[in-house]
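Notes for the one structure printed next.
What follows is calculated from the coordinates using simple rules that are stated; it is not laboratory data. If you're wondering where the values come from, they're calculated on a predicted model, not measured in any experiment. Glycine also receives a Cβ, built like all others from the backbone with ideal geometry; neighbour counts cover every protein chain displayed.
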């Protein structure tokens, strides 16, 4: 794993945790410059997604490595952790396990989906070929790229970045990440003194995700945005600006 620190070293500490089949460079491409002006960023790349030959093991093993880094380098406490999509599972685990303390856990449109072993195996078997098969033909690549640009208003640069990610990571890492995320469950009604769970709720994802946020966390701070899943990270600038403002409010900075 890699932990790249950058930005305003006098600012509050904010850890960035990327989503499925992503490194932080592609996941947070459009907002890293904004965030590092104000925050001391810790940008995480998981085993298997960090340029090494390691294979992503499972969500809990990676969570333990994140916890160790926070303990070794920050005395076990950071101001905030922002998880994009699957990265929200790590944020939830950091809060729930209470091995470290996170003042502000920020969930970026995370679906927080959970299942049993059989369902997880079936989903991973179906989804992994879809993610990894994108670049096998130029026709398929261009079709997926157009879909991303049309549906999420991605720029050409961001769409290319995501498609590249699908091809540069080991298939076993992608499958393990997707599969073990489904098996990494959160308890209901999580509440930790001194921690606030904040949710960037993309309304176009649907109401079932809102119900999950209310199920897993007591009194969460939920901000609703009229956008698709994580559109603020890879869509037009008009989606990013209000979310960046909300993050500052979550983190209690002006």
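Ordering 61, 180 by the number of other Cβ atoms within 10 Å of each residue's own Cβ, fewest first, gives 61, 180. Taking label positions 7 Å along the Cα-Cβ direction at both residue 58 and residue 118, the computed distance is 2.0 nm, reported to one decimal. When you count the other C-beta atoms within 10 angstrom of each residue and take the mean per peptide, 101-107, 86-92, 191-197, 9-15 line up highest first as 86-92, 101-107, 9-15, 191-197.
Taking every pair of distinct Cα atoms and averaging 1/r, then inverting, what Kirkwood hydrodynamic radius in Å comes out for the stretch 73-118?
11.2 Å
Just so you know, the Rg over Rh for the stretch 146-251 is 1.01, from Cα atoms, with Rh as the Kirkwood radius. Normalising the average separation of contacting C-alpha pairs (under 8 angstrom, six or more residues apart) by the number of residues puts the relative contact order of the stretch 118-254 at 24 percent.
Counting only Cα atoms, the size of the stretch 94-150 along its three principal axes is 47, 31, 16 Å, in decreasing order.
Approximating the spin labels as points 7 Å out from Cα along Cα→Cβ, the residue 10-to-residue 147 distance works out to 4.8 nm.
Using Cα pairs under 8 angstrom and six or more residues apart, how large is the relative contact order of the chain, in percent?
Details: 465 pairs, mean separation 53.9, N = 254.
Relative contact order comes out at 21 percent.
The orientation-averaged shadow of the Cα convex hull for the chain, equal to a quarter of the hull surface, comes to 12.6 nm².
Over the chain, DSSP H runs of length four or greater, each weighted -39,500 (n - 2.57), average out per residue to a 222 nm ellipticity of -14500 deg cm²/dmol. Along each principal axis, taking the top coordinate minus the bottom one, the Cα set of the stretch 9-146 gives 48, 36, 29 Å in descending order. For the stretch 92-188, the equivalent ellipsoid derived from the Cα gyration tensor has semi-axes of 29, 19, 12 Å, listed largest first.
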